[in-house]
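A short worksheet on the structure shown next.
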Amino acid sequence: ISEPSKTFRNGVKIPQLGFGVFLVKEREELDKALNKALEVGYRHIDTAMIYQNEAFVGEVVKNSSIPREDLFITSKVWNYDHGYEETKAAFQATLDRLGTDYLDLYLIHWAAPHYIETWKAMEELYEAGKIKAIGVSNFQIHHLEDLMAHTTIKPMINQIETHPEFPQNELHEFMQEHGIIHEAWGPLGQGKNDLLNQPVLKEIGEKYGKTPAQVVLRWHIERGVVVIPKSVTPSRIAENAAIFDFALTTEDMARISTLDTNTRYATSPDDQEFLA
Ligand code: NAD
């Protein structure tokens, strides 16, 4: 695939399409899915310590013929590893499990207490060249403002729940003003709420010979958002990558905007119980 990319403010590029591996915990399942993804052209992999599959991702990467520098690997520091020393240790453990000596992107998974100290450790790891780009996930505007007020390097990306029913318009605009790239998790709405059966997505898809999932992913791409759809079904893995041979019109984009109900499908970043 000839994939477009987004450029962080330090010049490093992130492929706009990645492969998410949340909930793919079995070695064999991960092995099959990720190998299929690499075969059809994905070069960006999104994992996290808490997904419990970094070691399996590492095995696939090691056994593939793709040079490490041609891959873009993201992982994330989990809530109970927050703090300066804790983050450094968690990062090293992630590298060891992945069997690599650097990450392309490391994210604070959620804005749990002590994210400032966590960020300071990430700034150092970045300065030392062990991470090519650093960012956050599930940060609201108030978290971003607080982080930027107390640290040196601005986050380069924020990975947040985003889909047509929850486009995150306000946060999207705030991030644009601050040069923070928008990355969507749950880009397909996690297969929930019958999103992909919305007639408007089907109708638009029919014009281009594309599925509702492809229309949704293309909508993200045209908003300038990085997407990391997940699937373990080979045909869907290929389908989700076949989104660079058509374009939506302004009218299509406007029709998709009508699906906005400002509804989260998953946990709120302000859920204090979850963050504790
Ligand atoms: P997603 O929106 O990618 O949805 C995945 C589900 O959609 C699949 O399990 C399947 O049921 C369905 N699906 C996939 N392709 C389809 C297709 N072509 N047609 C019809 N249905 C299809 O949701 P996700 O996996 O939660 O999010 C993607 C990635 O984002 C994750 O794998 C993970 O890497 C990341 N993520 C991050 C966070 C975070 O807190 N930072 C949270 C959730 C997910």
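Coordinate-derived values only; no laboratory data. Bear in mind that the values here come from a model prediction, so they are computed numbers and not experimental data. Heads up, the Cβs are rebuilt from the backbone with ideal geometry, glycines too, and the neighbour counts pull from every protein chain shown.
Observations
- Computed label-point distance, nm, for sites Thr233 and Glu29 using a 7 Å Cα→Cβ extension: 1.5
- Calculated diffusion of the range 62-103, Stokes-Einstein form, Kirkwood radius summed over Cα pairs, 25 °C and 0.890 mPa s, µm²/s: 214
- Per residue of the chain, the DSSP helices (runs of n ≥ 4 H) give a summed -39500 (n - 2.57) that works out to -12000 deg cm²/dmol at 222 nm.
- Multiplying the residue separation of Lys154 and Lys207 by 0.36 nm and removing their Cα-Cα distance gives an extension gain of 15.0 nm.
- Förster-model FRET efficiency, 25 Å R0, Glu222 and Ile66, C-beta, rounded to 0.05: 0.35
- Spacing of the two label points (7 Å from each Cα toward its C-beta) at Thr7 and Gln176, in nm: 1.9
- Area projected by the alpha carbon convex hull of the chain, averaged over all directions, nm²: 13.5
- Cβ charges +1 (Lys, Arg) and -1 (Asp, Glu), total dipole of the chain, debye: 660
- Difference of contour (0.36 nm per residue) and Cα-Cα distance, Ile141 to Tyr265: 42.7 nm
- Take the Cα radius of gyration of the range 37-135 and divide it by 2.2 N^0.38 Å, N being the number of residues; the result is 1.05.
- What the pair-distance distribution of the range 5-76 shows, using all Cα-Cα distances binned every 5 Å from zero, is 3, 16, 29, 26, 15, 8, 2, 0 percent.
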